[in-house]
Amino acid sequence: MFTVLACITDIPITEPTTITAPGSYCLVNDITGAGDLITIDADRVFLNLNEKQISGGTNNIALAAGHSDIVIRNGILDSPVDTNITMADATNITMNNIDFIGGVTSVFIETSTSINVNNCSFRTASASSFAAVDSDSITLEKIQSHANIATTGNLSIFAFTRVNNTIIDNFVTTLNSNPVSTFNGILATACNDIKINNVLISNNSSLGVARYINFDTVQKGLITNVFIGNNNSISSVCDGIFLDTSNDISLTNCEVRQLSGGITASGMQYLDCTRITTKNCTVTNIESGNVGGFKNFSGIDILYDSCVSVSNIGLTSTSRGFQDAVLNNRPIKTIFKDCIATDNIASTTAYGFELISTTTGCMLNCIAKRNEGGDTGRGIYLTDCFNCIVEKNIVSGNIGATASIGLEVISPTGAPLTNLLFANQSQDHVSNYIIIPGTILRVLYTKSTAALSAIPTVLDNIDIS
């Protein structure tokens, strides 16, 4: 326990003050007041809060612009009008063992470099726990952020804008709420090289759009060992991990569980992205009107390796285990390897895998089982695809009240299918295979219970072996 004795060798602080010289400073007692309660206007400052509390003011602590080599640690910063700590043009700043309470944004950083925050807790901010703009080399380790509640506008627990080289490790955020607008757990916009590891995001709610990890125009990222669960958007869209116009992102060992959205919900959704690798990831128990486990729209070089989408429910519309589709352009080079889509349920159509306009895609060693639609159940569905290989997949038990289909391939009117290879097992469906005629199409049925006569006789240029 820190006491006044801890301050014997330091310069004591007993009231609101401005630090203008390098040195070691120690807060002797709690302080409160108006304006900026402690201003640091010097380099090489060590500020020991000594387990005391700074309360109120415009900002609890403000760093004057352009300073470096500052350490702030061991105390409580509470209920400012704006921020607990604010800084600009700062270099080599450390914040350690601090409890941040209240304010609009707990920590605000602008045009700063080498910022380290570790072993800190955040609560009851109304806009953000930590926000950084136009900065470089930020590390947040062993952070907890709970019970932040927006009163107006958006709530983003961590928000980074045009920030390079960010590390977030061992981060937990729960019980946050935005009853008026949108919610983001970690929001990165126009950032480069962000690494997220060992993260738990759970029991959060919002009225509007909710995205728990949200990358917008991020170049290079690593997301590993993340659990997102028991979150909801009351009346809008809910996405566990959302990547928009981002490149060179790797996701490994991530799980999204028990999300609900008022309109749509998805576990992991990618829009107009390039070179995204998703490995050993799981999406389960997502509920909304329209549901998707893994969604890719107009992506290029997208790999799903050993991913699972299970028990996701479309309450009023469709449910898709995996979806590959057009947004602005055709998806190119999407690969599904050793992936599983099972027990996804929809009031209308349930898909294990849905590929729309995929170019040069591959589906290898995947399983689509027991996907159930109130209208139609489809194991694997392709339309307007070419240069694709769908091989060594198992499709079984997908059912619908109107149609139960194992593998369905459709070419648009006047545009025949080209260069598709199928070699799969399909069984236990009313229609094991539905293939609309196309040219240069090779189909290999392996161990199928479907009789040859059940395959449409109007196929053109088909080699069945």
Look through segment 232-256, keep the residues that are touching a Phe, Trp or Tyr at 6+ places or on another chain (Cβ under 6 Å) and in a strand (DSSP E or B), and return whichever of them is surrounded by the fewest Cβ atoms within 10 Å (Cβ to Cβ). Glu255
I'd like to check something: does segment 156-166 contain any residue that is buried (at least 24 other Cβ atoms within 10 Å of the Cβ), aromatic (Phe, Trp, Tyr) and within 21 Å of Glu255 (Cβ to Cβ)? yes
Looking at segment 298-321, I want the residues that are without any contact (Cβ under 8 Å) to a residue 40 or more places away in the chain and have a partner that is among the hydrophobic types (A, V, I, L, M, F, W, C) and open to solvent by less than 40 Å² (accessible area, probe 1.4 Å) with Cβ atoms under 6 Å, at least 6 apart or on another chain. Which pairs are those? Gly299/Cys273; Ile302/Ile276; Tyr304/Phe336; Tyr304/Cys339; Cys307/Cys281; Cys307/Cys339; Gly314/Val291; Gly314/Ala346
Which count do you get for residues in segment 100-129 that are part of a strand (DSSP E or B) and open to solvent by less than 30 Å² (accessible area, probe 1.4 Å)? 12
Which listed residue is under 19 Å from the mean Cα position of the chain (by Cα) and on the phi < 0 side of the Ramachandran plot, from Ala131, Ala150, Ala125: Ala131
Quick check on my filter: what residues within segment 348-391 are among the acidic types (Asp, Glu), open to solvent by 10 Å² or more (accessible area, probe 1.4 Å) and closer than 21 Å to Asn312 by Cβ? Glu372, Asp375
Given the structure, is Ile93 aliphatic (A, V, I, L, M) and over 22 Å from Asn48 (Cα atoms)? no
Residue count, segment 157-176 (criterion: at positive phi and among the aliphatic types (A, V, I, L, M)): 1
Across (1) assigned to a strand (DSSP E or B); (2) touching a Ser or Thr at 6+ places or on another chain (Cβ under 6 Å); (3) of a type in the set (D, E, K, R), Glu354 clears everything bar (2)
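Quick one: is Val28 open to solvent by 30 Å² or more (accessible area, probe 1.4 Å) and in contact with a helix residue (DSSP H, G or I) (Cβ under 6 Å, 6 or more places away or on another chain)?
So Val28 passes the test.
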Among the residues of segment 29-37, is there at least one that is over 16 Å from Glu15 (Cβ atoms) and in contact (Cβ under 8 Å) with a residue 24 or more places away in the chain? no
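Within segment 351-370, how many residues turn out to be closer than 18 Å to Gly267 by Cα, within 24 Å of the chain's Cα centre (by Cα) and among the aliphatic types (A, V, I, L, M)?
So the count comes out to 1.
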Going through segment 130-155 one residue at a time, which ones are open to solvent by 10 Å² or more (accessible area, probe 1.4 Å) and assigned to a strand (DSSP E or B)? Ala131, Val133, Asp136, Ser137, Thr139, Glu141, Lys142, Gln144, His146, Ile149
Take segment 378-397 and flag every residue that is aromatic (Phe, Trp, Tyr) and either out of contact with any strand residue (DSSP E or B) (no Cβ under 7 Å at 6 or more places or on another chain) or farther than 24 Å from Asp343 by Cβ (or both). Phe386
If a residue must be within 24 Å of Val133 (Cβ to Cβ) and of a type outside the set (A, V, I, L, M), how many such residues does segment 40-72 contain? 10
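Taking Ala88, is it more than 20 Å from Ile168 (Cα to Cα) and within 29 Å of the chain's Cα centre (by Cα)?
yes
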If we keep just the residues of segment 268-291 that are closer than 17 Å to Asn371 by Cα and either free of Cβ contacts under 8 Å to residues at least 12 places away in the same chain or within 14 Å of the chain's Cα centre (by Cα) (or both), which is surrounded by the most Cβ atoms within 10 Å (Cβ to Cβ)? Val283
Checking Thr264 against (1) buried (at least 21 other Cβ atoms within 10 Å of the Cβ); (2) at pLDDT 95 or above, only one condition comes out false. Which one? (2)
Kindly evaluate Leu382 against the criterion of being aliphatic (A, V, I, L, M), touching an Asp or Glu at 6+ places or on another chain (Cβ under 9 Å) and modelled with pLDDT under 90. yes
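Conditions tested, residue by residue: (1) of a type outside the set (D, E, K, R); (2) open to solvent by less than 20 Å² (accessible area, probe 1.4 Å).
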| site | (1), (2) |
| --- | --- |
| Pro179 | yes, no |
| Thr182 | yes, no |
| Ile194 | yes, yes |
| Arg211 | no, no |
| Thr217 | yes, no |
Residue in segment 325-347 that is of a type in the set (Ser, Thr, Tyr) and open to solvent by 10 Å² or more (accessible area, probe 1.4 Å) present: yes
Considering only segment 43-61, state which residues are of a type outside the set (A, V, I, L, M), assigned to a loop (DSSP other than H, G, I, E, B) and within 9 Å of Leu27 (Cα to Cα). Asn50, Glu51, Lys52
Is it true that Asn290 is touching a Ser or Thr at 6+ places or on another chain (Cβ under 9 Å), modelled with pLDDT of 95 or more and not small (Gly, Ala, Ser)? no
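The values are calculated or read from the model by the stated rules, or taken from the named source; none is laboratory data. All of these numbers come straight from a predicted model, not from anything done at the bench. Please note: Cβ atoms are built from the backbone with ideal geometry, for glycine as well, and neighbour counts cover all protein chains shown. Accessible surface areas use protein heavy atoms only, side chains included; no ligands, DNA or RNA. Shrake-Rupley method; radii C 1.70, N 1.55, O 1.52, S 1.80 Å.
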